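*Asks:* Have a look at the structure that comes next, please.
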Amino acid sequence: MIPSETAADNAASIEAKIRAAGPVIDPPAAKALYAPLLATMPRGGEVLRDIAYGPDERHRLDVYLPLEMDGPAPVAVFLHGGGFIRGDKADREAVGHYFSRHGVLAVLPNYRLGPRHRWPAGAEDAAAVLAWTRAHAAGHGGDPEHIVMAGESAGAAHVAAATLVRRFHPAEGLRIAGAFLVSGVYHAELELLARSQLGIATPDPRNEAYFGTDFARYRAMSTVELVDAAPFPLAITYAELDPIQMQAQAGELFARLVTRHGFQPRIAVIRGHNHLSQVYSVNSGDEALAGRLLDFVRKPHA
């Protein structure tokens, strides 16, 4: 009983700290909160690092080979966040190990960042990673016909654009098992026009770095305005303590997909977490986000 009680006490203590901090985006604090748990996290299989999928120095990905395979493994591609201007696949090593030890082939890429690379660089890179994964999954024990694209924050924005907008699809079609979007940005124009209500700084250090300062073009770069893909399995989540703009955009994307585009996405709130803690909790023993993500990767059509 002592180990489980200790784990429960740790979880309660972490949640209390998250709730006390409120709806903040504080990368150092979130990382420090989970550092002790992730330092001793369970590991998956072999990791193949820094494989090139394109010509840019950021076009590199890591592959986490699955454990306990029984035939070709489902495949999860996971794009890190970072407000369009920062972040690295190494920050999400725990996500790769979590998938690996649960029998999923995990592909974690880097992608080009603003302000050097602007919209639609992220969507193009997500599409390039999908093409690489489809071509190489079988060689690493994965099923190229069972690929789920997933991402958090800016990574979710890139996955959403790459999958929901046909201009970014491969010539042979999208051909994914599903997509899982965690607290993403789907409406750049909304974040521009409602900065004061949403508490977004002016100038905006992340959106202006990626979408630029020609604000008349923001609607034409907003995924909710561009959706033209045929329906496929999709999940949309946001954290209970996400900034309000993340919650609003998750609801708006869900509503538009259902009422205008024929989708029937799953939608869920990740309780007891903020924007970053939900992802840092993956592979720490906390299944709030991890469990939903794994369930979707295994059974996107359920």
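The values are calculated or read from the model by the stated rules, or taken from the named source; none is laboratory data. For clarity, every value in this text was computed on a predicted model and none was experimentally measured. Cβ coordinates were reconstructed from backbone atoms using ideal geometry, including for glycine residues, and neighbour counts include every protein chain displayed. Each accessible area value is taken on the protein alone, full model and side chains, heavy atoms only, with ligands, DNA and RNA left out. Shrake-Rupley method; radii C 1.70, N 1.55, O 1.52, S 1.80 Å.
*Asks:* Take GLN197 and ARG175, extend 7 Å from each Cα along the Cα→Cβ direction, and tell me the distance between the two endpoints in nm.
*Replies:* 4.3 nm
*Asks:* Which residue fluctuates the most in the chain, going by a Gaussian network model with Cα springs under 10 Å, if the choices are ALA12, ALA171, ALA220?
*Replies:* Evaluated over the chain, the most mobile residue of the options is ALA171.
*Asks:* With the full set of protein chains in place, find how many percent of the accessible area of the chain is carbon and sulfur; take the probe as 1.4 Å. Intermediate results must be reported in sequence, preceding the final value.
*Replies:* Working: 6810 of 12490 Å².
Carbon with sulfur: 55 percent of the solvent-accessible area.
*Asks:* Which one, ALA160, ALA179, ALA290, has the greatest fluctuation when you compute a Gaussian network model over the chain with C-alpha springs under 10 angstrom?
*Replies:* ALA290
*Asks:* Enter the Cα centre distance for the pair segment 1-80 and segment 250-302, rounded to the nearest angstrom.
*Replies:* 16 Å
*Asks:* Hey, what do the phi angles of segment 277-291 turn into as Karplus ³J(HN,Hα) couplings, whole Hz, using 6.51/-1.76/1.60 and θ = phi - 60°, x for Gly and Pro?
*Replies:* Per residue, the Karplus-derived 3J(HN,Hα) values read 4, 4, 8, 4, 6, 4, 6, 9, x, 8, 9, 4, 9, 4, x Hz.
*Asks:* In the Gaussian network model of the chain, springs joining C-alpha atoms below 10 Å, which of ALA73, ALA94, ALA29 carries the largest mean-square fluctuation?
*Replies:* ALA29
*Asks:* I'd like the accessible area for GLU225: 1.4 Å probe, protein heavy atoms, all chains in place, Å² to the nearest 10.
*Replies:* Here the residue's solvent-accessible area equals roughly 80 Å².
*Asks:* Report the gain in length on full extension from SER13 to MET69: 0.36 nm times residue separation, minus Cα-Cα distance, nm rounded to one decimal.
*Replies:* Computed gain between SER13 and MET69 is 16.6 nm.
*Asks:* Further question: Could you work out the helix-only [θ] at 222 nm for the chain, with each DSSP H run of four or more residues adding -39,500 (n - 2.57) and the total divided by the number of residues, to the nearest 500 deg cm²/dmol?
*Replies:* Calculated at 222 nm, the ellipticity per residue is -11500 deg cm²/dmol.
*Asks:* More than 20 Å apart: what percent of Cα pairs in segment 13-82 qualify?
*Replies:* That tail contains 56 percent of the Cα-Cα pairs.
*Asks:* Please report, to one decimal in angstroms, the Kirkwood hydrodynamic radius of segment 238-302 built from all distinct Cα-Cα pairs.
*Replies:* Radius from the Kirkwood sum: 12.8 Å.
*Asks:* Between (1) 0.99; (2) 1.24; (3) 0.95, which entry matches Cα Rg over 2.2 N^0.38 Å as derived from the coordinates of this structure?
*Replies:* Of the listed options (1) 0.99; (2) 1.24; (3) 0.95, (3) comes from this structure.
*Asks:* Follow-up question, since we're still on this one. Could you work out how far apart the two model spin labels at ALA52 and GLU252 are, taking each label as a point 7 Å from the Cα in the direction of the beta carbon, and quote it in nm?
*Replies:* 4.0 nm
*Asks:* Kindly report the accessible area of the chain per residue (heavy atoms of protein chains, probe 1.4 Å, no ligands, DNA or RNA), in Å².
*Replies:* 41 Å²
*Asks:* Right, something else. Going by the alpha-carbon gyration tensor, a ≥ b ≥ c the square roots of its eigenvalues, is segment 72-136 rounded (a/c under 1.5) or, if a/c is not under 1.5, prolate (a/b greater than b/c) versus oblate?
*Replies:* Here segment 72-136 falls in the oblate category.
*Asks:* At ALA220 and THR40, where each label point lies 7 Å from the Cα along Cα→Cβ, what is the point-to-point distance in nanometres?
*Replies:* 5.6 nm
*Asks:* Averaging the inverse of every distinct alpha carbon separation and then flipping it gives the Kirkwood radius. What is it for segment 1-118, in angstrom units?
*Replies:* 16.3 Å
*Asks:* Also: Karplus couplings for segment 258-268 from phi (6.51 cos²θ - 1.76 cosθ + 1.60, θ = phi - 60°), rounded to Hz, Gly and Pro as x?
*Replies:* Karplus-based 3J(HN,Hα) across segment 258-268 equals 6, 7, 10, 10, x, 7, 10, x, 6, 9, 8 Hz.
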